[in-house]
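Please read the structure below before turning to the comments.
The values are calculated or read from the model by the stated rules, or taken from the named source; none is laboratory data. Bear in mind the structure is a predicted one, so any value in this text is a computation, not a measurement. Using ideal geometry, Cβ is built from the backbone for each residue, glycine included, and neighbour counts are taken over all protein chains shown.
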């Protein structure tokens with residue numbers, strides 16, 4: 001056995017600190033009981049598909065998980081890996097037992113903690129909704145659907161097994177969310193808004209999702225479909241509220257600033273009605289007076305975050321001071337000052353955050 005490493009006499013850590021650290025580890029450790037299962041592909045898809053429309057399927061995707069974001073090329077490569085017999089990462093699920101043994105309405109279900117993209121890909125492939133593409137090893141299978149495979153190969157694919165880690169009912173919701181976050185800090189990275197939605201569900205997150213789907217918002221603030229699937233619209237709405245109500249306290253770390261604001265306001269007592277109203281009034285004003293909305297020009301399919309922040313927050317601040325505001329011109333959008341304040345290197349600069357927001361506010365109020 002390897003010998004334990006001796007503590008260096010030059011260490012700055014005291015015995016009291018070590019004892020405190022060890023006590024903290026013991027206190028914060030969570031009991032994560034689990035079992036290992038192995039299921040054929042056909043069975044996994046059946047557990048996911050049966051009862052899906054009625055939301056009673058045994059293998060289900062919880063609210064805090066993300067949408068289907070794998071593009072078809074990545075889905076195809078996953079199927080290719082299975083066909084080649086390559087090792088597949090474990091799928092993590094949580095066994096949700098009924099609250100009472102005789103409670104028939106509270107079905108025992110398996111909540112997917114990690115593996116939704118793989119399960120959805122299998123479901124799409126077996127139901128002929130996925131046509132394989134850009135395969136490099138099995139080039140002859142490009143453009144194949146599942147039904148195009150020989151019957152013998154279909155059966156072999158259905159019999160291929162995937163391993164699953166099943167957390168027992170002792171793993172509470174906090175544990176599952178913590179595991180979800182930690183698993184997703186590797187491999188295909190979740191972006192910050194996906195993490196926030198997964199880790200911190202609540203009334204404010206629900207409001208962000210609602211407002212992000214507003215038709216007028218999507219029209220004025222064009223965002224590519226790829227970014228929509230990664231919850232970029234929700235990110236924009238969060239930035240609007242965080243900067244509107246706290247921009248003067250911004251320092252340099254955007255994600256820390258947004259996370260702290262979200263955590264502080266993600267509770268049942270937030271004024272959803274007032275926030276919703278202010279957001280819509282801001283959109284109405286931009287729709288009336290800004291021909292290109294938040295974009296630089298007509299036809300753009302991407303809206304720079306900092307341009308959106310400057311315009312949306314500046315407009316909302318101006319409307320707070322003068323609700324009946326009617327500007328005579330917005331030619332200042334093409335000014336050297338505005339361009340300087342909204343260049344890409346300005347995003348983490350506190351002075352520029354303040355300047356670009358207040359510049360828009362002051363330009364609007366100065367014309368009234």
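Only a single item in (1) modelled with pLDDT under 90; (2) under 24 Å from residue 165 (Cβ atoms); (3) touching a helix residue (DSSP H, G or I) at 6+ places or on another chain (Cβ under 9 Å) is not met by residue 7, and it is number (2). With respect to residue 102, determine if the residue is over 29 Å from the mean Cα position of the chain (by Cα), at pLDDT below 95 and in the same structural domain as residue 44 (by TED's automatic domain parsing). The answer is yes for residue 102.
Scanning segment 10-33 for residues that are at pLDDT 75 or above and within 30 Å of residue 112 (Cβ to Cβ) yields a single hit, 25. Residues in segment 285-319 that are in a helix (DSSP H, G or I) and exposed (fewer than 14 other Cβ atoms within 10 Å of the Cβ): 288 only. Of the residues making up segment 349-358, not one is surrounded by 19 or more Cβ atoms within 10 Å (Cβ to Cβ) and more than 12 Å from residue 309 (Cα to Cα).
In summary, residue 274 fulfils each of the numbered conditions (1) buried (at least 21 other Cβ atoms within 10 Å of the Cβ); (2) free of Cβ contacts under 8 Å to residues at least 12 places away in the same chain with the single exception of condition (1). Checking each residue in segment 134-153 for being at pLDDT 95 or above and either not assigned by TED's automatic domain parsing to the domain that holds residue 77 or not in a helix (DSSP H, G or I) (or both) picks out 142, 143, 144, 145, 149, 150. Here residue 275 meets each of (1) modelled with pLDDT under 95; (2) touching a helix residue (DSSP H, G or I) at 6+ places or on another chain (Cβ under 7 Å) with one exception, condition (1).
Condition check ((1) free of Cβ contacts under 8 Å to residues at least 24 places away in the same chain; (2) in contact with a strand residue (DSSP E or B) (Cβ under 7 Å, 6 or more places away or on another chain)) across all residues:
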{"site": "34", "(1), (2)": "no, yes"}
{"site": "37", "(1), (2)": "no, yes"}
{"site": "51", "(1), (2)": "yes, no"}
{"site": "57", "(1), (2)": "no, no"}
{"site": "61", "(1), (2)": "no, yes"}
{"site": "78", "(1), (2)": "no, no"}
{"site": "82", "(1), (2)": "no, no"}
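Taking the condition of being at pLDDT below 85 and either over 27 Å from the mean Cα position of the chain (by Cα) or not in a loop (DSSP other than H, G, I, E, B) (or both), how many residues in segment 340-365 meet it?
Summing the residues that are at pLDDT below 85 and either over 27 Å from the mean Cα position of the chain (by Cα) or not in a loop (DSSP other than H, G, I, E, B) (or both) in segment 340-365 gives 8.
Being modelled with pLDDT of 85 or more and not in a strand (DSSP E or B), is that true of even one residue in segment 34-41? Yes, there is a match, as at least one residue in segment 34-41 is modelled with pLDDT of 85 or more and not in a strand (DSSP E or B).
The residue list 267, 280 contains one member that is surrounded by fewer than 20 Cβ atoms within 10 Å (Cβ to Cβ) and not in a helix (DSSP H, G or I), which is 267.
Residue-by-condition table, conditions (1) on the phi > 0 side of the Ramachandran plot; (2) buried (at least 17 other Cβ atoms within 10 Å of the Cβ); (3) part of a strand (DSSP E or B); (4) modelled with pLDDT under 80:
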{"site": "155", "(1), (2), (3), (4)": "no, no, no, no"}
{"site": "162", "(1), (2), (3), (4)": "no, yes, yes, no"}
{"site": "178", "(1), (2), (3), (4)": "no, no, no, yes"}
{"site": "187", "(1), (2), (3), (4)": "yes, no, no, yes"}
{"site": "190", "(1), (2), (3), (4)": "no, yes, no, yes"}
{"site": "204", "(1), (2), (3), (4)": "no, yes, no, no"}
{"site": "207", "(1), (2), (3), (4)": "no, yes, no, no"}
{"site": "211", "(1), (2), (3), (4)": "no, yes, no, no"}
{"site": "216", "(1), (2), (3), (4)": "no, no, no, no"}
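Within segment 294-311, being closer than 12 Å to residue 342 by Cβ and in contact (Cβ under 8 Å) with a residue 60 or more places away in the chain holds for 294, 303, 305, 308, 309.
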